[in-house]
Amino acid sequence: VTLEGEKRAAAEYAAGLVEDGMRVGLGTGTTVAPLIPALAARGLRLRCVATSEATARAAEAAGLTLDTLDGVGELDIAIDGADQIAPGPWLIKGGGRAHTREKLVAAAAARFVVIASHDKPVPRLTPPVPLELLAFGLEATLRRLEHAVLRGGAKSPDGGVIADWTGPIDDPAQLARRLEGEPGVVDHGLFAPTLVTDVVVATGEAIDHTRH
Ligand code: DER
């Protein structure tokens, strides 16, 4: 089974967790991509909140009804991918430059389901940790951070500058606190275990669904 096949299997399994009438947060990335047609195929009455333009376009093209996070208030379930999944579960997200919105959607959801192919679970998190930085005072922010490297390319969905923390991750909680205290850092891609309720990992044909 290819990685793409595993992503599809994990996404289709997660689509099965969604019930009629739910308010659904949709993440961003290549694992979420097959989730969208799988959700649309179920013909449920859903209100969906997208975490990026790419997801919004794909959801609309599939016939899903989009709403804003303020429009739905809270979410019954949010489904998203991850770059790394370490015990806790601690996640690194942001490969797709949307981690700030993804964390807000995860925080607004009663249930946050992470979907992944077999390559995402890791014994411990390793750099890079994606960062969204305010454009104002960027050079000074980068100097203070020391271990941040500009990623270049597209901005975040809200116009923030994407960079990556390349320093050591001795303790994710400690690093998260440090990054949250840095002026100019809008948000980072470390997702704490308190945010994650379900992890769905496809390995070959097998689906491993753990609840936390
Ligand atoms: O950018 C993100 O946060 C994505 O969800 C990322 O964590 C997973 O992207 P992938 O499904 O394309 O690997």
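Compactness of the chain is given as radius of gyration and Dmax, 16.7, 51 Å, from Cα positions.
In plain terms, the C-alpha convex hull of region 1-96 casts an average shadow of 6.4 nm² when viewed from every direction. Rounded to the nearest percent, how much of the accessible area of region 15-133 (1.4 Å probe, protein heavy atoms only) is carbon and sulfur? Whole-percent figure for carbon plus sulfur exposure: 53. For region 1-54, the average shadow cast by the Cα convex hull is 3.5 nm², which is a quarter of the hull's surface.
If a paramagnetic tag sat 7 Å from the Cα of residue 1 along the Cα-Cβ line, which residues of region 11-43 would have the backbone N under 17 Å from that point? Only 11-17, 31-35, 38 pass the distance filter. Antiparallel beta bridges, as assigned by DSSP with both residues in the chain, represent about 55 percent of the total such bridges.
Please state the shape class of region 55-118: rounded when a/c is under 1.5, otherwise prolate if a/b exceeds b/c and oblate if not, all from the C-alpha gyration tensor. It is prolate, given that a/c is not under 1.5 and a/b is the larger ratio. Take residue 166: with every protein chain present and a 1.4 Å probe, its accessible area is about 70 Å². With the biggest extent put first, the Cα atoms of region 110-152 measure 38, 27, 18 Å across the principal axes. Taking the Cα centre of the chain as origin and assigning +1 to Lys and Arg Cβ atoms and -1 to Asp and Glu Cβ atoms, the resulting dipole is close to 120 debye. In the calculated pair-distance distribution of region 66-182, the portion above 17 angstrom amounts to 60 percent of the Cα-Cα pairs. Solvent exposure of residue 6, expressed as accessible area, is near 10 Å², computed with a probe of 1.4 Å over the protein chains only.
Annotation for residue 41 and residue 192: the two label points, set 7 Å from Cα along the Cα-Cβ direction, are 3.8 nm apart. Within the same chain, aspartates and glutamates fewer than 8 places from residue 120 are excluded, and of the rest, those with a Cα less than 15 Å from its Cα are 4, 6, 80, 83, 198, 208.
A DSSP coil position with no more than 14 other Cβ atoms inside 10 Å describes the following trypsin sites (Lys or Arg not before Pro) in region 11-112: 42, 45. Loop-resident trypsin sites (Lys or Arg not before Pro) (DSSP state other than H, G, I, E or B) in region 119-192 with no more than 10 further Cβ atoms inside 10 Å of their Cβ are absent. Summarising the label geometry, the points placed 7 Å from Cα in the beta-carbon direction at residue 110 and residue 53 lie 3.4 nm from one another.
Couplings for region 146-155, taken from phi via the Karplus curve 6.51 cos²θ - 1.76 cosθ + 1.60 with θ = phi - 60°, read 6, 9, 9, 10, 4, 8, x, x, 5, 7 Hz in order; Gly and Pro are left as x. Entry comment: accessible area of region 111-212 is 49 Å² per residue, from protein heavy atoms only and a probe of 1.4 Å.
The values are calculated or read from the model by the stated rules, or taken from the named source; none is laboratory data. All values reported here derive from a predicted model rather than from experimental measurement. In this analysis, Cβ positions are derived from the backbone assuming ideal geometry, glycine residues included, and neighbour counts consider all displayed protein chains. Just the protein is used for accessible areas: all its heavy atoms, side chains included, with ligands, DNA and RNA removed. Shrake-Rupley method; radii C 1.70, N 1.55, O 1.52, S 1.80 Å.
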